[in-house]
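**Student:** Here it is, the structure in full.
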Amino acid sequence: MQKPPYIIIKRFIDILAAFLGLLLLLPFLLVISLIIRLKMERPVLFKQSRPGLKEKPFTIFKFRTMSGERMSDGTLLPDVQRLTAFGQFLRKTSMDELPELWNVLIGDMSLIGPRPLLMKYLPYYTNRERARFLVRPGITGLAQVMGRNTLDWDERLELDVQYIENTSFVLDIKLLVKTVAIILKRENVELNILEDFDDFRKSQQS
């Protein structure tokens, strides 16, 4: 578990890194926003409520990767059909996650931690897995560097708990460096679409 002194240090690092990241990447973020605006229209940002520290809901910000195409009855087409070529590029390079630096800056998230999942998944975690809500969710974490979407739900959530049990300044630095290396080498970038976690747990119980 994270000890109080490290929590303070980690928050300071998060604020500094997020501020500098947003400042240095601002021209790049504006270019991506313009391309999304031209290719997918509005809104440029994808916003969704996610559970954070102590399960408190917050609004996560990501670059939009899907079109708003709908069927004749007005319902949205399946995600696979709405994922645009540029959106796929953003996901493979993890650039769709860049707006989350704002979430880090305002305290909703951390650079390193369990990825924030959907609100509807809350009833389906085991008691052990609920340890993920003892820390701020992260842009990247142990599960992301160990396999990302190539892992099944049980593997991903177990790695999240292992991170929380062993978290330290050294581990966070290692995960941050590994994340950058993965992005540059384009490792573990398969865009496998997992079944929803609630459906996964229901199938285990049947």
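**Student:** State the Cα centre-to-centre distance between the range 112-162 and the range 38-109 in whole Å.
**Tutor:** 19
**Student:** A further question on this structure: How high is the relative contact order of the chain, given as a whole-number percent (alpha carbon pairs under 8 Å, six or more residues apart)?
**Tutor:** 21
**Student:** What area, in nm² and to one decimal, does the C-alpha convex hull of the range 4-205 cast on average over all directions?
**Tutor:** Numbers: hull surface 48.2 nm².
One quarter of the hull surface, i.e. the mean projection, equals 12.0 nm².
**Student:** First measure r as the distance between the Cβ atoms of S49 and R130, then evaluate 1/(1 + (r/R0)^6) with R0 = 22 Å and state the FRET efficiency to the nearest 0.05.
**Tutor:** 0.75
**Student:** Can I ask one more? Collect residues whose amide H, placed 1.01 Å from N in the peptide plane, falls under 5 Å from the amide H of M109; neighbours closer than 5 in sequence don't count.
**Tutor:** The list, which skips near neighbours in sequence, is V104.
**Student:** Hey, what do the phi angles of the range 152-166 turn into as Karplus ³J(HN,Hα) couplings, whole Hz, using 6.51/-1.76/1.60 and θ = phi - 60°, x for Gly and Pro?
**Tutor:** Per-residue couplings from phi come out as 7, 4, 4, 5, 4, 6, 5, 5, 4, 5, 4, 4, 5, 6, 10 Hz.
**Student:** Taking amide H atoms as placed 1.01 Å from N in the peptide plane, list the residues 5 or more away in sequence, or in a different chain, whose amide H sits under 5 Å from that of F46.
**Tutor:** K62, F63, R64
**Student:** Find the relative contact order for the range 64-167 and round it to a whole percent, using C-alpha pairs within less than 8 Å whose residues are 6+ positions apart.
**Tutor:** This gives 22 percent for the range 64-167.
**Student:** Which pairs, out of K39/K62; K56/K185; K10/K185; K120/K174; K54/K185; K56/K120, put more than 24 Å between their alpha-carbon atoms? List each step's numbers first, then the result.
**Tutor:** Values: K39/K62 16 Å; K56/K185 35 Å; K10/K185 27 Å; K120/K174 32 Å; K54/K185 35 Å; K56/K120 13 Å.
Checking Cα-Cα distances, K56/K185; K10/K185; K120/K174; K54/K185 exceed 24 Å.
We did not get these values from a lab; they are worked out from the coordinates using the rules stated. Predicted model, so just to flag it, every value in this text is computed and none were measured. Note that each Cβ is placed from the backbone with ideal geometry, even for glycine, and that neighbours are counted across all protein chains shown.
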